[in-house]
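Enquirer: Can you keep this structure in mind? I'll have questions shortly.
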Amino acid sequence: MGNSCSNNLGIPPAKGPNAVGCSDFMMDHTVEGTFFRLYYPCVASDNAEKPDWIPCKGYFYGLADFMKINRGLSEKIFNYLFGSFKIPAALNGSYKQNGKYPVVIFSHGLGAFRTLYSAICTELASQGFIVASVEHRDESASATYFYHQKPQEPEKDEASSPKPNPEPPENLVEEWMYYRSLKPGESEFPLRNKQVKQRADECIKALDTLIQINSGKKMENVLQTEFDWTTLENSMDLCRIAVMGHSFGGATVIEALCKDVNFKCGIALDAWMFPLDDEIYARVKQPIFFINSEKFQWAGNISRMRKLDSSSTSMQRKMITIKGTVHQSFPDFTFLTGNWIGKILKLKGELDPQVGIDLCNRASLAFLQRHLGLDKDFNQWDHLIEGKDHNLIPGTNCQYLLH
């Protein structure tokens, strides 16, 4: 897309034994449909096409609106900084048949979208997970899109709708949805509470879609990608499903756990707990792992996380803090900016981003093995769950909440 001043910057390749593929799936072209990027173990290929990190111009516009800067200027800046970066995965790569893989549903943060956490999602896929990174339609994404039908030719549309077209249907018109800011004088909690409920429903809807794909049901992908979705039949271990998310996505994890017992555990990355109802804490029964940055958390937010401790055994609720990290140490931006720009924009902390993401990923894998009952070697990182590493703090760095 653009000429990036990359200077050895880039999203790090995954470290697991499997090559990683990815493909986008949209079921139901309307705003009520489901939209996600799927990451999965794939057949290795030396000449595989890699997808752009920012899929198209509409997402640059969305980021500009979210950051409250001019679209025209920001498109040039973003395109220069980020336009040439690729996600380290094979676009529409062939699925690698190797038994049944556990499933993770991933929820992005405020102002993000489905592609911005690829360092986490590709690592999980490389380690033998099928990961669906949902793009939310609650107006919390900086940008997303769906389709509506052209108003004419109803008979022709109805006649042709049962047959999937080789290309995106000509009778559909793309419609963009951008981030909704608070209106002057608007109370924030009602909006965020409504959004977190919708987000959890969208995670559940994405899982339901995967369950149908796994059953062998023919599912029409509005986007008409080249990936053969029928190869995913009987590919998923539906007894081993987790939900994971960052920031607003962390709150979405808690809401989704409460709403759907198919999620056996949750991992909340630097969770923003504000959107949740108080009554939800006692209703969540599954294990939860809070992985926090050093610079984002505050007493009130941590105390909400602590409320979940009293509703279950302490063994099931874990919290660690990664030293030298900031809130944006979890999305991919942290890998794509130089030190001075990264620190000015608070996209980087003092800790090497690769070290930070490795700690996050390995601790997550250990937790997933423990609570999904996986037969892997991720328990070699069990000590990270307890915060036992010189770059980790057990619990929180909010000192007066340590006890």
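The values are calculated or read from the model by the stated rules, or taken from the named source; none is laboratory data. Note that the structure is predicted; figures quoted are calculated from it, not measured. Cβ atoms come from the backbone with ideal geometry, glycine included; neighbour counts cover every protein chain shown. Just the protein is used for accessible areas: all its heavy atoms, side chains included, with ligands, DNA and RNA removed. Shrake-Rupley method; radii C 1.70, N 1.55, O 1.52, S 1.80 Å.
Enquirer: How about the range 262-304: which chymotrypsin sites (Phe, Trp or Tyr not before Pro) there lie in a loop by DSSP and see at most 12 other Cβ atoms within 10 Å?
Expert: On the way: sites: Phe263, Trp272, Tyr281, Phe289, Phe290, Phe296, Trp298; in loops: Phe263, Trp272, Phe296, Trp298.
When the chymotrypsin sites (Phe, Trp or Tyr not before Pro) of the range 262-304 are filtered for loop state and at most 12 Cβ neighbours within 10 Å, Trp298 remain.
Enquirer: Next up: Using a 1.4 angstrom probe on the protein heavy atoms only, could you order Lys50, Lys285 from most to least accessible area? Show your work: numbers first, answer last.
Expert: On the way: Lys50 95, Lys285 125 Å².
The most accessible residue leads, giving Lys285, Lys50.
Enquirer: Give me the percent relative contact order of the range 158-309, please, defined on Cα pairs under 8 angstrom at least 6 residues apart.
Expert: Relative contact order, the range 158-309: 19 percent.
Enquirer: If you don't mind, another one. Roughly how many debye, to the nearest 20, is the charge dipole of the chain about its Cα centre, given +1 on each Lys and Arg Cβ, -1 on each Asp and Glu Cβ, and no other charges?
Expert: Working: 43 positive and 47 negative charges, 246 e Å.
Here the size comes out at about 1180 debye.
Enquirer: Here's another thing I want to ask about it. Run the 1.4 Å probe and let me know the accessible area of Thr231, rounded to the nearest 10 Å².
Expert: 40
Enquirer: Sticking with the crude label model, points 7 Å out along Cα→Cβ, report the distance from Asp28 to Lys57 in nm, one decimal please.
Expert: 3.1
Enquirer: Mind ranking Thr230, Thr396, Thr225 by accessible surface for me, highest first, 1.4 Å probe? Please list the in-between numbers first.
Expert: Details: Thr230 85, Thr396 0, Thr225 40 Å².
The ranking, largest first, comes out as Thr230, Thr225, Thr396.
Enquirer: Could you tell me which helices of the chain pass both thresholds, a Cα extent of 30 Å or more along their own axis and a mean Kyte-Doolittle hydropathy of at least -1.0, with helices taken as whole DSSP H runs? Please report the intermediate quantities before stating the final value.
Expert: Working: long enough: 188-215 (40 Å, -0.62).
Within the chain the helices that satisfy the rule are 188-215.
Enquirer: Counting only protein heavy atoms and a 1.4 Å probe, tell me what percentage of the chain's accessible area is made up of carbon and sulfur.
Expert: Details: 8880 of 17150 Å².
Carbon and sulfur atoms account for 52 percent of the accessible area of the chain.
Enquirer: Averaged per residue, what accessible area in Å² does the chain show with a 1.4 Å probe, protein chains only? All intermediate terms of the calculation are to be shown ahead of the outcome.
Expert: On the way: 17150 Å² over 403 residues.
Accessible area per residue, the chain: 43 Å².
Enquirer: Ordering Glu49, Glu202 by accessible area with a probe of 1.4 Å, largest first, what comes out? Please report the intermediate quantities before stating the final value.
Expert: Details: Glu49 120, Glu202 20 Å².
Listed by decreasing accessible area, they come as Glu49, Glu202.
Enquirer: Based on the Cβ-Cβ distance of Lys307 and Asn47, what FRET efficiency does E = 1/(1 + (r/R0)^6) give at R0 = 45 Å, to the nearest 0.05? Provide the component values of the computation, followed by the final result.
Expert: Details: r = 51 Å, r/R0 = 1.14.
Once the sixth-power term is evaluated, E becomes 0.30.
Enquirer: Connecting C-alpha atoms closer than 10 Å in a GNM of the chain, tell me which of Asn171, Asn70, Asn47 has the biggest fluctuation.
Expert: Looking only at Asn171, Asn70, Asn47, the biggest GNM fluctuation is shown by Asn47.
Enquirer: Is there a pair in Lys348/Lys388; Lys100/Lys323; Lys100/Lys348 whose C-alpha atoms are over 31 Å apart, and which pairs would that be?
Expert: Beyond 31 Å: Lys100/Lys323; Lys100/Lys348.
Enquirer: Sticking with this structure for a sec: Roughly how far apart, in whole Å, are the Cα centres of the range 13-27 and the range 237-285?
Expert: Answer, in whole Å: 23.
Enquirer: Output the pairs from Lys15/Lys96; Lys86/Lys197; Lys57/Lys218; Lys96/Lys218 with a Cα-Cα distance over 27 Å in this structure; if there are none, say none.
Expert: On the way: Lys15/Lys96 17 Å; Lys86/Lys197 32 Å; Lys57/Lys218 32 Å; Lys96/Lys218 19 Å.
From the list (Lys15/Lys96; Lys86/Lys197; Lys57/Lys218; Lys96/Lys218), the Cα-Cα distance tops 27 Å for Lys86/Lys197; Lys57/Lys218.
Enquirer: Excluding ligands and nucleic acids, what accessible area in Å² is computed for Arg304 using a 1.4 Å probe, to the nearest 10?
Expert: Spelled out: Arg304, probe radius 1.4 Å, area about 60 Å².
Enquirer: Mind jotting down the distance between the C-alpha centroids of the range 334-377 and the range 79-114, whole Å?
Expert: The range 79-114 and the range 334-377 have Cα centres separated by 16 Å.
Enquirer: Under 20 °C and 1.002 mPa s, how fast does the range 177-335 diffuse according to Stokes-Einstein, given a Kirkwood radius computed over C-alpha pairs? Answer in µm²/s, whole number.
Expert: Numbers: Rh = 17.3 Å.
Translational diffusion coefficient: 124 µm²/s.
Enquirer: Kindly report, to the nearest 10 Å², the accessible surface of Ser215 as traced by a 1.4 Å probe over protein heavy atoms only.
Expert: 80
Enquirer: With contacts defined as alpha carbon pairs under 8 Å and 6 or more residues apart, what's the relative contact order of the chain in percent? Let's see the in-between values first.
Expert: Values: 865 pairs, mean separation 63.8, N = 403.
Averaging sequence separation for qualifying contacts and normalising by length gives 16 percent for the chain.
Enquirer: Please state, as a whole number in µm²/s, the translational diffusion coefficient that the Stokes-Einstein equation yields for the chain at 37 °C and 0.692 mPa s, with Rh defined as the Kirkwood radius across alpha carbon pairs.
Expert: Stokes-Einstein gives a translational diffusion coefficient of 152 µm²/s.
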